[in-house]
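Encoded as structure tokens, the structure appears first; notes follow it.
The values are calculated or read from the model by the stated rules, or taken from the named source; none is laboratory data. Since this is a predicted model, take the numbers as computed values, not measurements. Note: ideal-geometry Cβ built from the backbone for every residue, glycine included; neighbour counts use all protein chains shown. Keep in mind that these areas ignore ligands, DNA and RNA; they rest on the heavy atoms of the full protein, side chains included. Shrake-Rupley method; radii C 1.70, N 1.55, O 1.52, S 1.80 Å.
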Amino acid sequence: MDPGEHFLIISAGDNIHATYPALLEELQTVTHTIVFAEKEIYTNSSRDDARKRIWKCDIRNAVDEVNAISLSCNIPCSLVSIDGATFDAIRDPVLGIFSDHPLARFSFDISAGPKRLSLGLFSMALWVEGDCYYAFSNSPPRRVPVPTLPMKYLPANPHYLVILTILFRGQEHKRKTCMLIPEETLFSETRAWQIPVRNHGEEPDGHELSFEEFSSIIATLTGWNLIQKEAGTATGQEKLYRITPDGELALIVYSARIKKRGVSPAPGLT
């Protein structure tokens with residue numbers, strides 16, 4: 001059980017050989033590739049018309065090409081054939097891999113293949129805490145933004161929303177590059193909000209955020225992949241923060257929910 005293992009599971013389709021190299025470049029650390037395909041792809045039937053025979057052949061060729069690319073990169077590649085795209089047929093082999101490699105990282109390419117297969121792999125990605133990617137036509141692979149926390153936890157601490165809002169505002173004017181905010185600036189702006197807190201039924205009172213509390217909140221948001229920390233370019237010691245795409249999505253979804261419910265938002269959220 002090597003914690004450095006990284007499995008890339010691919011839903012078989014006729015274009016996976018085109019997106020596979022881009023995924024390897026994007027992920028960098030893939031150690032095993034596994035292609036999931038329905039057994040029908042490897043079964044010739046007299047009922048198949050010319051179009052379906054060509055379709056099956058294209059998928060088989062694409063799988064062979066993925067295997068060839070894997071060999072050139074010294075990445076083991078294997079094929080998992082399933083009887084049908086039922087959830088159980090998809091679930092069991094994924095769980096088998098996960099049981100044998102519980103410390104591994106898992107990524108899924110759900111761009112191609114039948115809808116049932118891709119949806120089944122997407123569902124399993126949630127269960128094994130894997131990342132899902134998709135790529136269509138000549139577009140680069142992109143990760144499917146999946147929340148890493150239940151939305152009900154986001155308003156549990158108003159400072160979560162304050163920090164996300166501050167970082168989100170740095171993205172205004174649709175900048176092409178992400179806005180990085182220094183830790184000290186982020187702390188000062190967050191502390192300036194002085195969110196009222198209520199203790200044991202007493203009247204709300206102003207609470208000045210300590211740096212220790214701020215650091216704990218930052219660690220939580222980072223762990224949820226809602227914000228990201230980067231080192232400053234000058235000395236490499238200054239900590240800079242930006243909101244991630246998951247953080248933007250979480251904030252937008254939360255804002256939409258409170259508007260729908262008519263609930264007063266956290267300070268500064270509109």
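Residues of region 53-91 falling in the label zone of Thr43, defined by backbone nitrogen less than 14 Å from a point 7 Å along Cα to beta-carbon, are 81-86.
Using 1/(1 + (r/R0)^6) with R0 = 51 angstrom and r between the beta carbons of Ile258 and Lys52, what's the FRET efficiency to the nearest 0.05? Efficiency, rounded to the nearest 0.05: 0.55. log10 I(q)/I(0), Debye, Cα-only region 1-119, no solvent, q = 0.12, 0.18 Å⁻¹? Listed by q, the Debye log ratios stand at -0.43, -0.93.
Determine, from the Cβ-Cβ distance of Leu71 and Thr222 and an R0 of 30 Å, the FRET efficiency 1/(1 + (r/R0)^6), rounded to the nearest 0.05. Once the sixth-power term is evaluated, E becomes 0.20. Label zone (Arg60, point 7 Å along Cα-to-C-beta; backbone nitrogen cut-off 19 Å) within region 69-98: 69, 78-84. Take 51-63, 157-169 and order them by the average number of nearby Cβ atoms within 10 Å per residue, most first; the result is 157-169, 51-63.
Excluding same-chain neighbours fewer than eight residues apart, the aspartates and glutamates reachable from Lys52 by a Cα-Cα span under 15 Å are Asp14, Glu38, Glu40. With the biggest extent put first, the Cα atoms of region 68-136 measure 33, 30, 23 Å across the principal axes.
The alpha-carbon of Lys229 sits under 20 angstrom from the alpha-carbons of these aspartates and glutamates, leaving out residues fewer than 8 places away in its chain: Glu26, Asp131, Glu172, Glu183, Glu184, Glu189, Glu212, Glu213, Glu238, Asp246, Glu248.
Averaged per residue, region 35-103 has 60 square angstrom of accessible surface, using a 1.4 angstrom probe with ligands and nucleic acids left out.
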